[in-house]
Amino acid sequence: QVQLVESGGGLVQPGGSLRLSCAASGIRFSIYAMRWYRQAPGKQRELVAAITSGGSTNYADSVKGRFTISRDNVKNTMYLQMNGLKPEDTAHYYCNAGTVMASYWGQGTQVTVSS
């Protein structure tokens, strides 16, 4: 059974930092491209950051220079280090694991940036 479990969300003040984690089980983690998405109320889900099986990364323009995606293929875990958080980063953050054959989602973790 495939499971993706996100953690690390919470309430943080503007300018603060959080680190999200996505722990995977039931898949051969190292071969999967991994992605973080987010969805704010009333908005479409958007891609925040991605990391390939080889470690190449991509970011949405809105988070470049502030967020860093990484993965640990020994721990089967992906991370999103978020610095310089802004109120517009408030959203439910989801992790996704994908290959050309399959795509899996976690339940997400809420990030709220507010003073």
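The values are calculated or read from the model by the stated rules, or taken from the named source; none is laboratory data. What you are looking at is a predicted structure, and each value in this text was computed from that prediction instead of being measured. Note that we place each Cβ from the backbone using ideal geometry, even for glycine, and neighbour counts take in every protein chain shown. What goes into the accessible areas is simple: the full protein's heavy atoms, side chains included, and nothing from ligands, DNA or RNA. Shrake-Rupley method; radii C 1.70, N 1.55, O 1.52, S 1.80 Å.
Scanning region 62-82 for residues that are open to solvent by 40 Å² or more (accessible area, probe 1.4 Å) and in a loop (DSSP other than H, G, I, E, B) gives 62, 64, 65, 73, 74, 75, 76.
Is it the case, given these coordinates, that residue 50 is open to solvent by less than 60 Å² (accessible area, probe 1.4 Å), over 13 Å from residue 6 (Cβ atoms) and not in a loop (DSSP other than H, G, I, E, B)? Steps first, answer last, please.
On the way: open to solvent by less than 60 Å² (accessible area, probe 1.4 Å): yes; over 13 Å from residue 6 (Cβ atoms): yes; not in a loop (DSSP other than H, G, I, E, B): yes.
Criteria met by residue 50.
The residues on offer are 94, 59, and the sole one that is surrounded by 16 or more Cβ atoms within 10 Å (Cβ to Cβ) and under 20 Å from residue 5 (Cβ atoms) is 94.
Of the residues making up region 24-69, just one is over 15 Å from the mean Cα position of the chain (by Cα), within 17 Å of residue 107 (Cα to Cα) and among the hydroxyl-bearing types (Ser, Thr, Tyr), namely 25.
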